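Undergrad: Quick one: the structure is below, and I'll ask about it shortly.
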Amino acid sequence: MADEAAIEETMLRLVTERGTDKTCCPSEVARALGGPHPDGWGPLMQPVRRVAVRLTKEGRVQILRKGKPVADPDDFRGIYRLSLPRT
């Protein structure tokens, strides 16, 4: 299982590679660390979400739902995407 530092590094790398106008799926972060099989990346989805919430609160990434930033990173549901913060 990947630790939070590895998840953070991978997440920041992926959103930076995409740039400010593009997003990445949290499963891409999990797959980069856990491999292509769901048994490897599936268990990483909750830790990825926790890191995304923390980095959003720090202003380092942005969690998007339906293309818009979530109002409360501690309380959102459903499918989400990650991006660099938009100004």
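The values are calculated or read from the model by the stated rules, or taken from the named source; none is laboratory data. On a predicted model such as this, the values are computed, not experimentally measured, just so you know. Neighbour counts run over all protein chains shown; Cβ positions are idealised from the backbone, glycine included. Ligands, DNA and RNA are excluded from the accessible area calculation, which covers all protein heavy atoms including side chains. Shrake-Rupley method; radii C 1.70, N 1.55, O 1.52, S 1.80 Å.
Undergrad: Please tell me if SER83 is open to solvent by less than 60 Å² (accessible area, probe 1.4 Å), touching an Asp or Glu at 6+ places or on another chain (Cβ under 9 Å) and not aromatic (Phe, Trp, Tyr).
TA: Here the answer is yes, as SER83 does meet what is asked.
Undergrad: Taking LEU12, is it under 20 Å from PRO69 (Cβ atoms), open to solvent by 30 Å² or more (accessible area, probe 1.4 Å) and out of contact with any Pro (no Cβ under 8 Å at 6 or more places or on another chain)?
TA: Taking the combined requirement at face value, the residue satisfies it.
Undergrad: Looking at the structure I just gave you, is LEU64 surrounded by 15 or more Cβ atoms within 10 Å (Cβ to Cβ), closer than 17 Å to THR10 by Cβ and of a type in the set (A, V, I, L, M, F, W, C)?
TA: When the stated conditions are applied, LEU64 does not pass them.
Undergrad: Can I ask one more? Would you point out the residue of the range 50-61, among those that are open to solvent by 30 Å² or more (accessible area, probe 1.4 Å) and in a loop (DSSP other than H, G, I, E, B), that is farthest from GLU4 (Cα to Cα)?
TA: Step by step, filter the range 50-61, then rank; the result is GLY59.
Undergrad: If only one of LEU12, LEU44, LEU82 is in contact with a helix residue (DSSP H, G or I) (Cβ under 6 Å, 6 or more places away or on another chain) and either in a helix (DSSP H, G or I) or among the small types (Gly, Ala, Ser) (or both), which one is it?
TA: Matching residue, one of LEU12, LEU44, LEU82: LEU44.
Undergrad: Identify the single condition in (1) open to solvent by 70 Å² or more (accessible area, probe 1.4 Å); (2) of a type in the set (Gly, Ala, Ser); (3) in contact with a helix residue (DSSP H, G or I) (Cβ under 6 Å, 6 or more places away or on another chain) that ALA71 does not satisfy, given that it satisfies every other one.
TA: For ALA71, the failing item is (3).
Undergrad: Name, by its number, the condition in (1) touching a residue at least 40 places away in the same chain (Cβ under 8 Å); (2) among the hydrophobic types (A, V, I, L, M, F, W, C); (3) within 18 Å of ALA5 (Cα to Cα) that does not hold for LEU64.
TA: Just one mismatch for LEU64, condition (3).
Undergrad: Within the range 22-49, can you find the residues that are among the charged types (D, E, K, R) and either open to solvent by less than 30 Å² (accessible area, probe 1.4 Å) or under 13 Å from LEU82 (Cβ atoms) (or both)?
TA: Residues satisfying the conditions are LYS22, GLU28, ARG49.
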